[in-house]
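To keep things clear, I will list the structure first and then write my remarks on it.
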Amino acid sequence: MQELLLYDATRKYFLLLGAVAFFLLYFVNAWFGRFAPEDPSSILYINGIRSWILMELVSPTCFIATILRATKFPSNNSTVADSLNPRSKFMIALFLAHYLNRAIISPLRSPSRSKSHISVLICGMFFNIMNGYLLATYLTSAEAQSYMDRLPSSLWYCGVVTWAVGFAGNVIHDEILMNIRRKAKSKAKAKETANKPKGEHYAIPYGLLFEYVTFPNYFCEWIEWLGFAMATSPFPTLPDVSGLSASSLLTLPSLDNTFWPTLTPPYLFVALELLTMFPRAYKGHLWYHNKFSDSYPKQRKIVIPFIL
């Protein structure tokens with residue numbers, strides 16, 4: 001009962017915090033990347049690559065720890081992790097593959113990153129703890145096992161392929177952005193100028209989905225986790241909001257009245273990505289237009305080709 005209460009409360013407040021962040025990020029820039037000061041002198045700004053690695057490693061660490069501490073089945077005395085069906089084990093591997101790239105490979109291959117404010121690190125770690133815990137709890141549940149067992153192979157493979165396409169697109173478009181900095185760093189080294197420009201180098205990216213949107217890496221990441229959700233969970237139905245009130249939203253859920261029971265962690269993750277990443281994409285789109293003025297392609301949308 002305590003585990004279920006913790007699970008439901010985490011789902012509930014994870015979504016509510018995401019909704020708050022959605023509106024807050026329209027007024028406050030998260031102080032990293034292009035929105036970090038060019039030459040931050042405060043001790044609250046820390047190394048961008050190291051802070052990113054630390055922040056992102058939290059998610060797979062919490063994910064693995066949650067799976068390993070799962071209670072034993074009294075019928076066969078095996079751990080939940082040992083009793084997962086092959087599809088669930090495969091999806092766990094995909095989750096870990098994403099974070100192997102995101103938390104280790106990508107930052108270590110990055111030529112440089114702007115310093116990050118410590119508040120970004122703290123908020124990111126908090127997000128990743130909740131998300132890692134929720135996804136691991138769901139994927140080891142009887143609910144997830146039953147759904148993936150019943151899911152037709154064609155639909156499951158459709159979700160897996162969608163994940164793979166999104167993952168590849170995310171990696172490829174990140175590589176385009178990193179190549180811009182590699183070239184700038186190479187030119188600066190060749191010139192060996194004493195007065196190097198402060199801050200990171202930014203230029204207009206071109207190629208693939210950059211021809212249509214400013215943030216194709218965001219779009220591809222959304223596609224990736226949508227595919228993950230398609231392969232692991234039924235699409236959530238709309239909740240009954242007839243008795244919903246502000247006080248009930250802030251009250252801890254009970255076993256008799258869970259918060260939006262059909263909103264499983266895979267689709268909750270997709271919702272949180274949209275809520276927290278779109279405001280930054282919108283402000284980043286404006287930043288590119290302000291920085292490059294008429295040179296920036298006017299036909300580009302923000303994040304979804306031809307639509308948004």
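Among the residues of the range 14-25, those identified as in a helix (DSSP H, G or I), crowded, with 16+ Cβ neighbours inside 10 Å and touching a residue at least 12 places away in the same chain (Cβ under 8 Å) are Phe14, Leu15, Gly18, Ala21, Phe22. Of all residues in the range 148-191, those that are in a helix (DSSP H, G or I), more than 25 Å from the chain's Cα centre (by Cα), over 29 Å from Glu211 (Cα atoms) and not small (Gly, Ala, Ser) total 4.
Looking at the range 103-134, which of the residues that are assigned to a helix (DSSP H, G or I) and more than 26 Å from Lys12 (Cβ to Cβ) is nearest to the chain's Cα centre (by Cα)? This residue is Ala103. The single residue among Ala65, Ala21, Ala36 that is over 16 Å from the mean Cα position of the chain (by Cα), within 16 Å of Asn128 (Cβ to Cβ) and either at pLDDT below 90 or not polar (S, T, N, Q) (or both) turns out to be Ala65. Is it true that some residue in the range 208-224 is loosely packed, with under 13 Cβ neighbours inside 10 Å and modelled with pLDDT under 95? Within the range 208-224 (the criterion being loosely packed, with under 13 Cβ neighbours inside 10 Å and modelled with pLDDT under 95), the answer is no, since none of the residues qualifies.
Of everything listed in (1) touching a residue at least 40 places away in the same chain (Cβ under 8 Å); (2) under 30 Å from Asn47 (Cβ atoms); (3) not charged (D, E, K, R), the single unmet condition for Trp163 is (2). Residues Leu155, Leu139, Leu96: which one is buried (at least 19 other Cβ atoms within 10 Å of the Cβ), in contact (Cβ under 8 Å) with a residue 12 or more places away in the chain, under 22 Å from Glu224 (Cα atoms) and among the hydrophobic types (A, V, I, L, M, F, W, C)? So the residue among Leu155, Leu139, Leu96 that is buried (at least 19 other Cβ atoms within 10 Å of the Cβ), in contact (Cβ under 8 Å) with a residue 12 or more places away in the chain, under 22 Å from Glu224 (Cα atoms) and among the hydrophobic types (A, V, I, L, M, F, W, C) is Leu139.
The values are calculated or read from the model by the stated rules, or taken from the named source; none is laboratory data. Remember, it's a predicted structure, so these values are computed and weren't measured experimentally. Don't worry about glycine lacking a Cβ; one is built from the backbone with ideal geometry, like all the others, and counts go over all protein chains shown.
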